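For reference, the structure discussed in these notes is given below.
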Amino acid sequence: MKHKRIAWAITGAGHFLPLAARFYSGVYKVFVIAPATSNSVAKFVCGISDTLVTNLFAQAGKARVPIVVYPTDLAPEIQSSGPHGETIRVYARPKDLENTETLRGFAGTRVVDTRGELIQCLAAYL
C-alpha cells in the first residue's frame, strides 16, 4: 500500500467542536431536543455527555442558551402510534418519570408536555 490513511475519531469534546462553539458565539437562540428518549433524558440528568446530543445539551447549558426538551416519557401511560398506524399503549418506568421531573428543575431548560406547547414555545423564539 503506497499511501497510508489516517483514521480519526471525534468524541464530542465540547467546545472544541465548531458546532458546539456556536453556542458561545450567540448563533443560536434556543436548543431544541424533540423527541428526547428516556436514555437521553437520564444522561442529561446525570451529566453524561457521551453522544452528540448529550454533549450539545451540556454545551448549550454551559453557554446559557435556553434548552427546550420534549421527552417521550411524560405520564405513566401514553397512547402512541404503532408501526402500522395502530394505537399502542406505552408504560413509562417510574425512574423515567422521575428523570423527566428532575429535568424540569434544570436552570435554563424547559420541558414541554405536548406538541402544542412545543410549537408555542418555538414560536416565542422565532
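The values are calculated or read from the model by the stated rules, or taken from the named source; none is laboratory data. Fair warning: this is a prediction, and the values are worked out from it, not measured in the lab. Cβ atoms come from the backbone with ideal geometry, glycine included; neighbour counts cover every protein chain shown. Protein only, heavy atoms only, side chains kept; ligands, DNA and RNA dropped before computing areas. Shrake-Rupley method; radii C 1.70, N 1.55, O 1.52, S 1.80 Å.
General remarks:
- Residue under evaluation Gly26, criteria (1) at pLDDT below 90; (2) touching a Gly at 6+ places or on another chain (Cβ under 6 Å), criterion not met: (2)
- Residue tally, condition farther than 16 Å from Pro35 by Cα and over 20 Å from the mean Cα position of the chain (by Cα), over the range 53-81: 2
- One residue stands out in the range 90-126 among those that are basic (Lys, Arg) and modelled with pLDDT of 95 or more: the one that is nearest to Val45 (Cα to Cα), namely Arg104.
- Whether a residue is over 20 Å from Thr114 (Cα atoms), open to solvent by 50 Å² or more (accessible area, probe 1.4 Å) and not small (Gly, Ala, Ser) was assessed, and Tyr24 passes this test.
- Taken over the range 27-40, the criterion of being open to solvent by less than 40 Å² (accessible area, probe 1.4 Å) and over 14 Å from Gly61 (Cα atoms) is satisfied by Ala36, Ser38, Ser40.
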